[in-house]
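The values are calculated or read from the model by the stated rules, or taken from the named source; none is laboratory data. Everything numeric here is computed off the predicted structure, so don't read it as measured data. Ideal geometry is used to build each Cβ from the backbone, glycine not excepted, and the neighbour counts take in all protein chains shown.
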Amino acid sequence: MNGARQLWIGGAFAAVTGLALAASWTGAPAAPALPAAGNAPDSAYAMAWVRWLADPAREGRGAGTAGLDSAGAAIAREMARLGLRPGGDGGAWFQSLEITTGVEVGEPCAIEAAGMRYPLGDDFQPIGFSTNGTLRAPVVFAGYGITAPGYDYDDYAGLDARDKLVLVLSQEPGEMDTTSRFDGDINTPHAALRTKAINAREHGALGLLVVNGPRHHAGEPLRPPRVEGGGYMSSGLLAGFVSERVAEALLEPLGVTLAGAQSAIDDHAAPHSLALPESATVTVTLKRTRAEIRNVAGWIAGRDTTRTLVIGAHYDHLGYGGENALDPDARLPHVGADDNASGVGVLLTLARRFAAEARRRPPRHNLVFCAFTGEESGLLGSGHFVDDPTRPLEGVEAMLNMDMVGRLRDNRLMVMGAGTAEEFKPLLAAVNRAQRPAFDLKTSDDGYGPSDHSSFYKRKIPVLMLFTGAHADYHKVSDTWDKIDEPGLERVGRFAAAVVESLDTRPPVRYLVAKSDSTVGRIAGGGGYGAYLGTIPDYMQTEGGVLLSGVRSEGPADQAGIQGGDVIVKFDGVRIDNIYDYTYALRSRKPQQQVRITVLRGGEEKECVATLGRRP
C-alpha cells in the first residue's frame, strides 16, 4: 500500500503501457464486442457495455459471483486498452477487500418437537441471521410476532415470551386484504423476518420459529437461509423456518390447527396468542461465507500531479436477488441495466474520451476513473477506497458519481450534491446552458445519499451525483438493457464530460457543509419510513454496535451531541449490535419522541438524549 502511495505521489508508474498490458493479459474474459473495434459513437459504445454487463451471464454481478469477477476483469481490460494507467493497490488495476456474503448450513441442524426429530430439509431450515447452538425451551404461539403501536396491534400483549421459543406466522395480519389495519396488498416493515426476530428478542425470547400461514402460502417449500432472511448479521437468537406439519404438531395438544389460529387473527383483526404445552429443541449450525471483491481503478496523469478529480460508478448489483431486491422471490439474475450498468457505460465513455484528448494535451488534474464494488452491500467499495486510498485524499478536489443514468424521462436530469461546494450551482447552470438541448435540471444540495459519492462527502470532499430518476424496475429482474434510453444515456455522458472539463480548468472548488435536502428523494423513489435521527452508518462494521461515519448537520443526532466515530450500542433500551437492530429501534419510535441513545466514544459509554425528527 505504501508503495502505491509513493507511485501516486511521483505521478508515474512502471514503464508499461495500458495497451501492452492488455495484450499480455491472460485468463481475463474478453471485453464486449464493441462496434468498429471500440471506435463507435459514444452512444453505441456505452450501450455495448450496458448490454454486456446486464447479460444474465454476469449473474447479476452479485458479491461472491464469478459474474462480478468477470465484469471487473473486463472493465480493467478496457481501461488498459484505452491507455489508462493502473490505479489500484501496488500499481495493479484492482483494490481488493474481503466481505461477508452470506451463510452456509452445517451439521447438526434440526428441530425436535412433539416426540419427533425433523432434520434439515422439508420441515426445517435455519434463517441466515440465526445464532449457532442448541436450545431446548417451552414454546409460545405469538401470532404474527408483531408489536405495532401505530396500528394498535400487539401479538405479545399478555404473553410471557421470556426464555421461550416463539412460533410466529410469516407476513402480517390481513395479507391480501385491502381493508386490513396494515397495508393489505403491500407489506409494512413489520412483516420483515428480522423485525419479527428482534421483536421476539426484545420480549425476552431465546429463539424464533417461523411458519408460512396456510391461508395464502399453503404447501410452499421452505427456503434455505441464503435466500430468506438474507442478512448474515446475527439477530441474537436461534431462528428457523418450520413446516406446517411441525407447527401443527406443536399446536395439536391444545386442539388448535394452524389454519384456525390464523383465521382467529385475520377474521377478527385481533391477536390470538397462546402458551403451548409443548417444548422443542432447536439446533442450528451456520458458517458465514466470505468473498473478495474488487474496485477497478485507472487514471490519466495530469499536468499538475498534486491535483486529482475522481469519476466513479459502481458496477456491482444484486446477483440473484435477496433481501435488497423488490421482487425477493425471483431467484433469477437481477441484471441491473440501469442500476448501474448505465453508470459504468458513461464512466468508460468518459475514460475513452479523456484518454484520447490526453494524447494531444494532458488534463490539468489527474483523472481517476473508478468502478466501485460493494455499493449494493452498503457503499463498501467506495468506503474502502477513501479509508485506504491509493492516492492521498487531500489531493482529491471533487468526486463525480453516476448512478442510474439510463432512463432519461421528460428531459429531467437530477444532480445531487450541488450544495457541497460554493461553485457547483453556477458551474452546473453554465454547463447546462451549453447543452443542446439543455436539460430540465433538478438539484439537491445534500452530499449524503444512497450511492458512492457519500463515502467521499463524509471525508469533506465536494461531490456531485448524476441520476435520471427512479422507476418501477428498480431492484427487480425487469431492470433490463432494452429499457435503457440510448440517446439519453449519450446526453448524460456529454453533460458529465462537460462537468469534468469545467472542474479541470478552474481553481479548486471550496467545500461546504450542505443542508439536508429531500427534494430529489431516495434513489428508490419516495420518502423514508418513520422517525429520523440524521446519522450516517458505516456499513463495514457488522457487529458490536453501529459505527457512525458522520451525522447530518443540524439534525437530531447532531443537536444531541452524537458525533461521527461514535458507536451506537443502545437505543432507548433496545440493544444495538448491528444495523438491523438500529433500524428496528428507529422504526419503532415516532417523530418528536425523545429517546436515550448510548454511544461508545473513545472506549467509554456516553448517553445522549435526542428528539427524533420526521424522515424526509
Just to be sure, is GLY302 part of a loop (DSSP other than H, G, I, E, B) and surrounded by fewer than 23 Cβ atoms within 10 Å (Cβ to Cβ)? yes
Which one of these does ARG433 not meet: (1) farther than 23 Å from GLU554 by Cβ; (2) in contact (Cβ under 8 Å) with a residue 60 or more places away in the chain? (2)
I'd like the residue in the stretch 420-441 that is under 16 Å from MET402 (Cβ atoms) and in contact with a Ser or Thr (Cβ under 8 Å, 6 or more places away or on another chain) and, out of all such residues, is surrounded by the most Cβ atoms within 10 Å (Cβ to Cβ). VAL431
LEU159: buried (at least 16 other Cβ atoms within 10 Å of the Cβ), at pLDDT 95 or above and assigned to a strand (DSSP E or B), yes or no? no
So, in the stretch 362-380, how many residues would count as being of a type outside the set (D, E, K, R) and modelled with pLDDT of 95 or more? 11
Among the residues of the stretch 92-129, count how many are more than 29 Å from the chain's Cα centre (by Cα) and farther than 18 Å from ALA197 by Cβ. 15
Over the stretch 566-611, the set of residues over 17 Å from ARG201 (Cα atoms), at pLDDT 90 or above, in contact with a strand residue (DSSP E or B) (Cβ under 7 Å, 6 or more places away or on another chain) and not β-branched (Val, Ile, Thr) is ASP566, GLN594, ARG596, LEU600, GLU605, LYS606, GLU607, CYS608, ALA610
Could you grab me the full set of residues in the stretch 54-71 that are in contact with a Gly (Cβ under 8 Å, 6 or more places away or on another chain) and in contact (Cβ under 8 Å) with a residue 40 or more places away in the chain? ALA54, ARG58, GLU59, GLY60, ARG61, GLY62, ALA63, GLY64, THR65, GLY67, LEU68
Go through the stretch 462-499 and count every residue that is of a type in the set (A, V, I, L, M, F, W, C) and surrounded by fewer than 19 Cβ atoms within 10 Å (Cβ to Cβ). 2
Being aliphatic (A, V, I, L, M), part of a loop (DSSP other than H, G, I, E, B) and farther than 27 Å from ALA44 by Cβ is the filter here; which residues of the stretch 427-471 pass it? ILE461
Provide a single number: the residues in the stretch 316-338 that are part of a loop (DSSP other than H, G, I, E, B), among the charged types (D, E, K, R) and surrounded by 23 or more Cβ atoms within 10 Å (Cβ to Cβ). 1
Tell me whether the stretch 285-299 contains one or more residues that are closer than 18 Å to VAL210 by Cβ and touching a strand residue (DSSP E or B) at 6+ places or on another chain (Cβ under 8 Å). yes
Under the condition of being among the β-branched types (Val, Ile, Thr) and not in a loop (DSSP other than H, G, I, E, B), which residue from the stretch 350-389 is farthest from LYS458 (Cα to Cα)? VAL368
Quick check on the stretch 131-138. Is at least one of its residues under 15 Å from ALA280 (Cβ atoms), at pLDDT 90 or above and in a loop (DSSP other than H, G, I, E, B)? no
Within the stretch 499-506, is there a residue that is under 18 Å from LEU367 (Cα atoms) and either among the hydroxyl-bearing types (Ser, Thr, Tyr) or part of a strand (DSSP E or B) (or both)? yes
Mind checking whether some residue in the stretch 163-184 is aromatic (Phe, Trp, Tyr), outside the structural domain of LEU586 (by TED's automatic domain parsing), touching a Ser or Thr at 6+ places or on another chain (Cβ under 8 Å) and over 28 Å from ILE111 (Cβ atoms)? yes
